[in-house]
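Data block below; observations after.
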Amino acid sequence: MHGSPAGMAVFDTKLRYLYVNPALERLNGLPAAAHLGRTVEDVLPELDVDEDVMKAVLADGKSREAMSSGRTWATVPEGERFWQGAYHRLEEEGEVRGLVGVVLEVSVARHQQKELERARRYLTLLDTAAVSIGTTLDMDTTCQELADFVVPALADAAVVEVFPPEVGHAVRRPPEGVLRLRRAAMATGPGIPDVTGQFGDPGEYIDYQADAAVPRCLEANRPVIENLYSDEQLGRSAPTPHRVAAYRAIGLHSAVVVPLTNRGRPLGVLALARTGDSPVFTEGGDVVIARELAVRAAVDLDQARRYAHEHTIAKELQRSLLSEPQGPHPHVQVASRYRPAEEGAVVGGDWFDVISLRDGRHLKAMGDVMGHGVEAAVAMSHYRSILRAVAEDDMEPHRILTRLDEAVGRSGVDRAATCLLAVVDRLGGTCRLASAGHLPPVFIEPGAAHARVISMPVGPPLGTGFGEYVTTAVPCGPGTVLFMYTDGLVERRGEDIDVSVGRLAGLTMPASGLLEDLLDEALDRFGEDAEDDIAVLASRVHEGVPPLGDDG
């Protein structure tokens, strides 16, 4: 025993030291004499040794192994140490006399194992994050997914704050030297008291002084750790003085602010907080994984931000260009509706127009530019402008489409569009139609139980240069309603478009007789599950049309 490199000891039946070899003296940092007659707990109070294992060996004689950890009196680098121990019962002539313990330090191997376990946990977190964060193009949803993901895996509480959007929101200017962010999401663990109202709810704007952790984090583009032991430190970290009491109420003692940055552009911050008995944040470990999560989440947030930016611009542009058409004559009534797709979808290029012609005639147009976003909305405005330029008073609809197709090709507009034209002769009681890849119109006769979906030739979309359009004449007397629409009203995934369009035959005039009510009913009945923008237009010539030549 004396020359063994392993630490060895002999214990009596009361688990008191009887013998300690030189190797164990070195491990424990005490001479043998300081051990004798005393228990392990007496000699090494900061060492976690399972005495139940030693007692079990004494009781049944079966040798056992056990892991112990903690600190001894030996001078070693800071950090927890680990030992692997083996215990054997000593007997003499059938009488139990004590135990022999053999101890080897395995701190290096144990730390390596812990690092490996931590690395595996981090990889699992990152893998899970890939499918849990960024499931939509909505920025606030993405922020909430990030906050929910890190609690409780990395923190007891988390908030995500972002810069206010550049368009679409009127945000007051912060005072000079103050950073203003919008709280987009917040998550707290089950042990946190309900003081969320004191921290600022999602949607509120939070102001930070220049020396607070959040501005310093964004300026340096690196995590800022604050272990908050005093009210002075808490006050410096809190955006407002009254937050100090809230921080104390939840037992906040450690926080880290991680930047959310993509392609050199700061988007906001992820702030993590630990309370109660949770360990403080340090430069390594969980801060490293929080940084990696923030880097990945920032990519999703940037995509959501750019989508929201473009979506807002496209909607505003489309609304400004798609003005409510006016009746071309006092005896012609026109009503329209435009319904953008849900917030999760991209705005499209739906458009409509009404143009007054000579001799009691007027032109109605319904179109849909292919594609989505700002480019589609801009292309839509070009189509409307070009149509007004090429439409002439005595021109048939198919000739107007041909000229429009040629003019679009010369203009450089690179997006095709469908278009349905209807020239209504209110005096002659006819409607002449031509389609460039557009869905057929619907006619509702006065008092009819069902509507008529018009079967007509359909030419290629505009902007393709193929032409070959055909005009179809349909009776359209006083009181007949012409209903035009874009494919967002009827097109449904997994359903044949002819079946979808056929349902429009169920349209009837509401009891009020108002075109506005007809459009509202059509949107309610057919547009509820729409995945695209919807534009609808209804018109009719009133009864009692004045004689030819009367413009009044």
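The values are calculated or read from the model by the stated rules, or taken from the named source; none is laboratory data. Values in this document were obtained by computation on a predicted structure and should not be read as measured data. We place every Cβ from the backbone using ideal geometry, glycine too, and count neighbours over all the protein chains shown.
Exactly one residue out of PHE526, PHE483 is among the hydrophobic types (A, V, I, L, M, F, W, C) and modelled with pLDDT of 95 or more: that is PHE483.
Between ASP48, ASP60, the distinction of being surrounded by 12 or more Cβ atoms within 10 Å (Cβ to Cβ), without any contact (Cβ under 8 Å) to a residue 24 or more places away in the chain, over 14 Å from LEU104 (Cα atoms) and of a type outside the set (Phe, Trp, Tyr) belongs to ASP48 only. Checking every residue in the stretch 421-440 against the condition of being assigned to a helix (DSSP H, G or I) and either surrounded by 24 or more Cβ atoms within 10 Å (Cβ to Cβ) or assigned by TED's automatic domain parsing to the domain that holds PRO510 (or both) gives zero matches. If you go through the stretch 354-404 and pick out every residue that is within 21 Å of PRO440 (Cα to Cα) and either under 42 Å from the mean Cα position of the chain (by Cα) or not assigned by TED's automatic domain parsing to the domain that holds MET484 (or both), you end up with 14.
For the stretch 263-299, the tally of residues that are small (Gly, Ala, Ser) and surrounded by 21 or more Cβ atoms within 10 Å (Cβ to Cβ) stands at 7.
Looking at the stretch 312-363 only, could you name the residues that are modelled with pLDDT of 65 or more, assigned to a loop (DSSP other than H, G, I, E, B) and exposed (fewer than 15 other Cβ atoms within 10 Å of the Cβ)? Matches in the stretch 312-363: PRO330, ARG358, ASP359. Residue count for the stretch 64-75 satisfying the condition of being surrounded by 13 or more Cβ atoms within 10 Å (Cβ to Cβ) and either of a type in the set (Lys, Arg) or not in a strand (DSSP E or B) (or both): 5.
Within the stretch 485-498, one or more residues are touching a residue at least 60 places away in the same chain (Cβ under 8 Å) and touching a helix residue (DSSP H, G or I) at 6+ places or on another chain (Cβ under 9 Å). In the stretch 12-23, the count of residues that are in a helix (DSSP H, G or I) and either closer than 27 Å to VAL96 by Cα or not β-branched (Val, Ile, Thr) (or both) is one or more. GLU468 - would you say it is among the charged types (D, E, K, R) and farther than 26 Å from LEU514 by Cα? Against the criterion (among the charged types (D, E, K, R) and farther than 26 Å from LEU514 by Cα), GLU468 qualifies. Filtered by the rule that a residue be at pLDDT 55 or above, part of a loop (DSSP other than H, G, I, E, B) and charged (D, E, K, R), the stretch 529-552 gives ASP529, GLU531, ASP532, ASP533, GLU543. Of the set (1) within 39 Å of the chain's Cα centre (by Cα); (2) more than 16 Å from SER336 (Cα to Cα); (3) of a type in the set (S, T, N, Q), all apply to THR486 but (2). Pick from VAL378, VAL390, VAL408: which is touching a His at 6+ places or on another chain (Cβ under 8 Å) and farther than 25 Å from ARG503 by Cβ? Of the residues listed, the single one that is touching a His at 6+ places or on another chain (Cβ under 8 Å) and farther than 25 Å from ARG503 by Cβ is VAL408.
No other residue among MET366, MET370 is under 30 Å from THR135 (Cα atoms) and either in contact with a Gly (Cβ under 8 Å, 6 or more places away or on another chain) or modelled with pLDDT of 85 or more (or both) apart from MET370. Selection within the stretch 520-533: residues that are over 16 Å from ASP350 (Cα atoms) and surrounded by 20 or more Cβ atoms within 10 Å (Cβ to Cβ). The member of this set that is farthest from the chain's Cα centre (by Cα) is ALA522.
Here VAL470 fulfils each of the conditions (1) surrounded by fewer than 20 Cβ atoms within 10 Å (Cβ to Cβ); (2) assigned to a loop (DSSP other than H, G, I, E, B); (3) out of contact with any His (no Cβ under 6 Å at 6 or more places or on another chain); (4) not polar (S, T, N, Q) apart from (3).
The lone criterion from (1) closer than 23 Å to VAL334 by Cβ; (2) modelled with pLDDT of 90 or more; (3) not acidic (Asp, Glu) left unmet by GLY502 is number (1).
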